[in-house]
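Inspection log for the structure reproduced underneath, given as structure tokens.
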Amino acid sequence: MAMATTPHSLLLQNPTQPHHQLPKTSIFKPFNALSRFTIPNRRISISCAATSTQIQDRPPLPSHSQERLFNFAAGPAILPENVLLKAQSELYNYRGSGMSVMEMSHRGKEFLSIIQKAESDLRILLEIPDEYAVLFLQGGATTQFAAIPLNLCSPSDPVDFLVTGSWGDKAIKEAKKYCNPNLIWSGKSEKYTKIPTFEGLEQNPDAKYLHICANETIHGVEFKNYPTPQNSTGILVADMSSNFCSKPVDVSKFGVIYAGAQKNVGPSGVTIVIIRKDLIGNAQEQTPVMLDYKIHAENNSLYNTPPCYGIYMCGLVFEDLLEQGGLKEVEKKNQKKAEILYNAIDESNGFFRCPVEKSVRSLMNVPFTLEKSELEGEFVKEAAKEKMVQLKGHRSVGGMRASIYNAMPLAGVEKLVAFMKDFQAKHA
């Protein structure tokens, strides 16, 4: 008697038949789960009982807290554990949609709700005025080094740069291809350890914009307040990649804010641009379509397929930041973590040293060196044994660097400080 089939049935031929044999080069073995049974040469029906509901009803996996490392990487960086667990729970079947976010059409209603909510939550977090557009793009902040001059000025227009680290230096080098940049100050001669007073800066009164890097990831230098462009029609442009959403920011002081997501708000692959709407629509003729802000603004960041899963993850992080009480509360936590770590360095009697001027030390990226530089390799190795990783400084400057972004728990910083004190006791 023939068995009734259902939408979940699998119709199989006798697996001994030639058309079930995979090529010898296949990495998979031929299906033989039923080979110990005598199977007639006819079709059989196997009903699949598992449904998405049953999978969703499985008990949640235990917290990975004890298994996970304290990751002090500069980016891609640590993400909130509760965000990762939520993403895990929604990976297979996103909120009853029957598919993963990874599989969704970027023009379908499910993903539209994801990107719209992500933008809405970001606007709430940063109190972004209505006259600013929010764009979810790709290519990292480095791509914006070209996109910004291409969109904001002509090839002959002057632009001012205040360079406080490696990323600001890279930005001005790229801008030279598309405008006429002017270096008004550089901290390179002092190894990027300070930020100048703004009053003494000799800005070009005709500069289209003044560019800064709000937090230099490599050198650990952070602006605590911001300069004002001397040109009355000029704007302030800031690369905020490594301190984005780490504290409140008055968006209205800027013409453009841009940031790679992979430090504080998501995985790598998403670049966020916040731009005043009246600055959109004046791109140079040579501007590639994918670098034209007007194209992306008119298409709500959906001109082509965006980094959908990355945007979804950013949305989860924005939700988490709001649940923490917003950026004022987040900043308090970041200040506390940074204070503990900097105090440990400063109170080590020179065993550990931070080269950055105290008034502009970053809350996000803490560079430090050991008095005995020959111990640096051992420091990194021993820290890794204690489940603290990515503490080696950037290859261009050496030493150590602890990136303590929003998602780094206080316990991680406390454990690092305790380790530093033990390490000093052994080697002082």
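The values are calculated or read from the model by the stated rules, or taken from the named source; none is laboratory data. This is a predicted model, so every value here is computed, not measured. Glycine gets a Cβ as well: all are built from the backbone with ideal geometry, and neighbour counts include every protein chain shown. Just so you know, the surface numbers come from the protein's heavy atoms only, side chains and all, with ligands and any DNA or RNA stripped out. Shrake-Rupley method; radii C 1.70, N 1.55, O 1.52, S 1.80 Å.
Is it true that some residue in the range 123-143 is under 30 Å from K176 (Cα atoms), part of a helix (DSSP H, G or I), among the polar types (S, T, N, Q) and open to solvent by less than 10 Å² (accessible area, probe 1.4 Å)?
Within the range 123-143, not a single residue is under 30 Å from K176 (Cα atoms), part of a helix (DSSP H, G or I), among the polar types (S, T, N, Q) and open to solvent by less than 10 Å² (accessible area, probe 1.4 Å).
Can you tell me which residue in the range 95-122 is surrounded by the most Cβ atoms within 10 Å (Cβ to Cβ), limited to those that are hydroxyl-bearing (S, T, Y) and over 18 Å from V270 (Cβ atoms)?
S97
List pairs: first residue in the range 230-245 and over 19 Å from F198 (Cβ atoms) and open to solvent by 10 Å² or more (accessible area, probe 1.4 Å), second residue assigned to a strand (DSSP E or B) and among the aliphatic types (A, V, I, L, M) anywhere in the structure, Cβ distance under 6 angstrom, at least six positions apart or on different chains.
Filtered contacts from the range 230-245: S241/A259.
Find the residue count for the range 182-199, including only residues that are among the hydroxyl-bearing types (S, T, Y) and farther than 24 Å from G398 by Cα.
Step one: of the range 182-199, the residues among the hydroxyl-bearing types (S, T, Y) are 186, 189, 192-193, 197.
Of the ones still in play, those that are also farther than 24 Å from G398 by Cα are 197.
Count: 1.
Please go through the range 37-91 and pick out each residue that is touching a Ser or Thr at 6+ places or on another chain (Cβ under 7 Å), surrounded by fewer than 13 Cβ atoms within 10 Å (Cβ to Cβ) and modelled with pLDDT of 95 or more.
Result: L91, single match.
Just one of the numbered conditions (1) within 24 Å of the chain's Cα centre (by Cα); (2) open to solvent by 30 Å² or more (accessible area, probe 1.4 Å); (3) among the small types (G, A, S) is not true of G266; which one?
For G266, the failing item is (2).
Can you say whether R401 is among the basic types (K, R), part of a strand (DSSP E or B) and either modelled with pLDDT under 95 or under 24 Å from the mean Cα position of the chain (by Cα) (or both), as far as the supplied structure shows? Spell out the reasoning first.
Working: among the basic types (K, R): yes; part of a strand (DSSP E or B): yes; either modelled with pLDDT under 95 or under 24 Å from the mean Cα position of the chain (by Cα) (or both): yes.
Judged against the criteria, R401 is a match.
May I ask you to list the residues in the range 93-114 that are closer than 17 Å to N304 by Cβ and part of a loop (DSSP other than H, G, I, E, B)?
Listed by number, the residues that qualify are M104, S105, H106, R107, G108.
Exactly one condition in (1) more than 30 Å from L321 (Cα to Cα); (2) open to solvent by less than 30 Å² (accessible area, probe 1.4 Å); (3) assigned to a helix (DSSP H, G or I) is false for V380; which is it?
The single condition V380 does not satisfy is (2).
A207: within 26 Å of A118 (Cβ to Cβ), among the aliphatic types (A, V, I, L, M) and in the same structural domain as C308 (by the TED database), yes or no? Can you show your working first?
Details: within 26 Å of A118 (Cβ to Cβ): no; among the aliphatic types (A, V, I, L, M): yes; in the same structural domain as C308 (by the TED database): yes.
For A207, the condition - within 26 Å of A118 (Cβ to Cβ), among the aliphatic types (A, V, I, L, M) and in the same structural domain as C308 (by the TED database) - is not met.
Residues that are of a type outside the set (K, R) and surrounded by fewer than 18 Cβ atoms within 10 Å (Cβ to Cβ): which strands (runs of 3 or more DSSP E) entirely in the range 145-224 hold 1 or more of them?
Output list reads 180-186.
Among S246, S232, S241, S268, which is at pLDDT below 95 and either within 21 Å of Q324 (Cβ to Cβ) or in a loop (DSSP other than H, G, I, E, B) (or both)?
S232
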